[in-house]
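Reviewing the structure listed below.
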Amino acid sequence: MSMIEFHDVEKYYGKFHALKNINLTIDRGEVVTIIGPSGSGKSTLLRTINGLERITSGQLIVNDFDLADKNTDMNRIRKNVGMVFQHFNLYANKTVLDNITLGPTMVLKRPKAEVEDSARELLKMVGLEDQAAKYPSALSGGQKQRVAIARSLAMNPRAILFDEPTSALDPEMIGDVLDVMQTIAKQGMTMVVVTHEMGFARRVGDRIVFMADGQILEDESDVAGFFDHPKEPRAQEFISKILNH
Amino acid sequence: MAKRRLRPLLLLVAFLALALAGCGKSVADRDALAHAKATNKLVWGVKADTRLFGLMNIKTDQIEGFDIDMAKAITKQILGPKGKADLVQVTSDTRVPMLKGGNVDAVIATMTITPDRQKVLNFSQPYFNAGQALLVKKGSPIKSVKDLVKGTKVIGVQGSNSVDNVKKAAPQTQVLQLSDYAQAFTALKSGQGDALTTDNGILYGMSEQDHDYVVVGGTFTKEPYGIAMNKGQDNLTKAMNTAVDQLRANGTYAKLINKWFKGIPGFSLKEVE
Amino acid sequence: MFTILAEHGSALLSGLGYTLAASLMALLGSLVIGTAFALFEISHRKWLRIIGRIYVEVVRNIPLLVIALGFYVIVPRYVMPMDGFTAGTIGLTIYTSAFIAETVRAGIESVAVGQMEGARSVGLTYTQAMVQIIFPQAIKIVVPPLGNQFINLVKNSSVLAFVAGFDLMYEGKIVANATFSTFDTYLAVGLLYLVLTMPLSYLMRYLEKHWVSA
């Protein structure tokens, strides 16, 4: 059963052709990593899935809703599809706990006490139960990103999109965040992850998508095979650069 | 804490007060006539917003009017044919402070001689006997100052004694004070008031400009215009009086009156002379 | 100066009352109108952005006096009767609102784009995101410049004097002309303006200290 379907999707920014003929189907419970050089359209692709970017043409179906249809309520998509950003985007004016509870109380209209209980559970899961009353500015980057993941999980989404979740972190913080992501993946969450963490892609990913110049060049279920023998020359070049670094 | 924060403020106020008290004495108090003779120049404060008396001609960039011609003629009488009349624009607001500050030697700017003003200024003999009247839109129910009853609004100009006069003559009316005649006339046209009051000479100028507005009811005060000088400038005052006498005697005065006021309805040389 | 206050105090105090009334109304009005046009300026709809832009650029580049006189002399002739106090207060409100729109817009725009995306990504509507996330952060940025606008507004209310609005400056001019002691009168007028602006100034400082830094 598919969660996300791209059919012949094109995306232009003015004259710039950002996404070219995208065809991609992601099933429920699948963990897909998207890699590729910067400017290849990975983040744009990800942002179209929860409507932060609109597609120019083609068909994009997320959780059975057609995103190309103007009548589709984007907020209903976003309720069900969480997003974790490179720069966390935690609400600077709210405490860690309020960051997590805002969505469930305002959007899902769940009772505050119940939401707070589950928020504390989520904080425990990401190892930050003692940080609930702090403001985001008092946290380290790794802590912020774990809060952002908890915020996303609090909405009980059908899928979570990760946009380079570890790129803005100091190296020693990356491990904690990836561990949390792995835990979520094991629980069966549908995940689309744009990342440069090849180890994570290899260990956790069910599938790997390689993008360059707005196109999907490889879409491979044999993740280990992709890393050992990439078919496309662009992919070979990219892998060798990353691994030799 | 609060006290310490206020201290610089108090110092500043004290400094400003001292600075302002210290200046302005010497220039205004020297003998203006002697100084004018030495520099061959009289500095006149004149209006530039008053039709017929002193109005800026936008095309030539010159101020023109009866007051202006009088100032020039008087200067020639006092200083001789080569004497120069410097014209400085004043408003009803600024003419007294500028005299007091010595910025101008004399003001000839439709300025009525009043006892209050005579306390702080020297005046020449009257050179124009004006009187206060009302300007209204044609067909207005207001025919004279008696019609300015409760609920009516009359427009005057700030700093002119016409405001006090109309308050005395019509105590029930509300007086709106605007900053100059142009604004006052515009406000009348916009219906901000039922009548505009000031000296008839000025009102005739407005009526001449826009025939929809007429002067009604005749004058209800006597408003002799005089040339104002700073208090204590007695030499200059005497010279002014002599000059005005000479201009009346040699026909220049009548010539200037005719130049500016001839042909305006209801205007007679006898009334103002 | 003290004789001025003793003899003409009631006229000046009445002027102070009109100035206070005009300032308070213009302050509230300009805050509401200014914020509305700030929202127009950052709207997704192009025509709203254009309206906002034109309003701000036109209004803030015309002298306040011209705007006030426009309401005093043009509106009564063609639209509806309007006295000097009303015309001056409306002019002041509109003039100030253009500056407030710019201040509020800059405040909102200085809140990082990611804050809005973070809020939208959990399904909050645009309005909810604005109210919950953007405004609370923008206000802290906007309070100090807004304080300046409000102090300017109180001083700018002296425009009422030019349209016979019975305010402090109007009464001050009349007293100055009646007494010929121009300097003393305006010193008294200046002090009375301080009575209005100093508390405002301290209030803004208090807000900055105890609220903005929180």
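Filter the stretch B:88-121 down to the residues that are within 14 Å of another protein chain (Cβ to nearest Cβ) and assigned to a strand (DSSP E or B), then identify the one that is surrounded by the most Cβ atoms within 10 Å (Cβ to Cβ).
B:Val107
Would you check if there is a residue in the stretch A:215-225 being buried (at least 16 other Cβ atoms within 10 Å of the Cβ) and part of a loop (DSSP other than H, G, I, E, B)? If you could, list the steps in order and put the result at the bottom.
Step one: filter the stretch A:215-225 for residues buried (at least 16 other Cβ atoms within 10 Å of the Cβ), giving A:215-220, A:223.
Narrowing further to those that are part of a loop (DSSP other than H, G, I, E, B): none.
No; the residues of the stretch A:215-225 include none that is buried (at least 16 other Cβ atoms within 10 Å of the Cβ) and part of a loop (DSSP other than H, G, I, E, B).
From the residues in the stretch A:52-82 that are in contact with a strand residue (DSSP E or B) (Cβ under 6 Å, 6 or more places away or on another chain) and of a type in the set (S, T, N, Q), which one is nearest to the other protein chains (Cβ to nearest Cβ)?
Per the criteria, the residue is A:Thr72.
Just give me the residues in the stretch C:178-214 being free of Cβ contacts under 8 Å to residues at least 12 places away in the same chain and either crowded, with 21+ Cβ neighbours inside 10 Å or not in a helix (DSSP H, G or I) (or both), in sequence order.
Those that are free of Cβ contacts under 8 Å to residues at least 12 places away in the same chain and either crowded, with 21+ Cβ neighbours inside 10 Å or not in a helix (DSSP H, G or I) (or both): C:Phe180, C:Ser213, C:Ala214.
Please count how many residues of the stretch B:147-189 are away from chain C (no Cβ under 11 Å), under 17 Å from C:Asn177 (Cβ atoms) and of a type in the set (Gly, Ala, Ser).
Qualifying residue count, the stretch B:147-189: 1.
Go through (1) within 10 Å of chain C (Cβ to nearest Cβ); (2) surrounded by fewer than 22 Cβ atoms within 10 Å (Cβ to Cβ); (3) among the polar types (S, T, N, Q); (4) in a helix (DSSP H, G or I) and name the single condition A:Asn93 misses.
Of the numbered conditions (1) within 10 Å of chain C (Cβ to nearest Cβ); (2) surrounded by fewer than 22 Cβ atoms within 10 Å (Cβ to Cβ); (3) among the polar types (S, T, N, Q); (4) in a helix (DSSP H, G or I), the odd one out for A:Asn93 is (4).
Can you tell me which of (1) surrounded by fewer than 19 Cβ atoms within 10 Å (Cβ to Cβ); (2) within 14 Å of chain A (Cβ to nearest Cβ) is the one C:Lys155 doesn't meet?
(2)
Out of the residues in the stretch C:167-211 meeting the condition of being more than 9 Å from chain B (Cβ to nearest Cβ) and basic (Lys, Arg), tell me which one is nearest to C:Ser10 (Cα to Cα).
Among those residues, the one meeting the criterion is C:Arg205.
So, restricting to helices (runs of 4 or more DSSP H) that lie completely within the stretch B:170-273, which ones have at least 1 residues that are in contact with a Leu (Cβ under 7 Å, 6 or more places away or on another chain) and under 20 Å from B:Thr114 (Cα atoms)?
B:200-209, B:234-249
Does A:Gly205 fit the bill of being at positive phi and either surrounded by 16 or more Cβ atoms within 10 Å (Cβ to Cβ) or modelled with pLDDT of 90 or more (or both)? Before the answer, list the steps.
Working: at positive phi: no; either surrounded by 16 or more Cβ atoms within 10 Å (Cβ to Cβ) or modelled with pLDDT of 90 or more (or both): yes.
Judged against the criteria, A:Gly205 is not a match.
Failed condition for A:Met191, given (1) more than 14 Å from chain C (Cβ to nearest Cβ); (2) at pLDDT 95 or above; (3) not in a strand (DSSP E or B), with all others met?
Going through (1) more than 14 Å from chain C (Cβ to nearest Cβ); (2) at pLDDT 95 or above; (3) not in a strand (DSSP E or B) one by one, A:Met191 breaks only (3).
The values are calculated or read from the model by the stated rules, or taken from the named source; none is laboratory data. For clarity, every value in this text was computed on a predicted model and none was experimentally measured. Note that we place each Cβ from the backbone using ideal geometry, even for glycine, and neighbour counts take in every protein chain shown.
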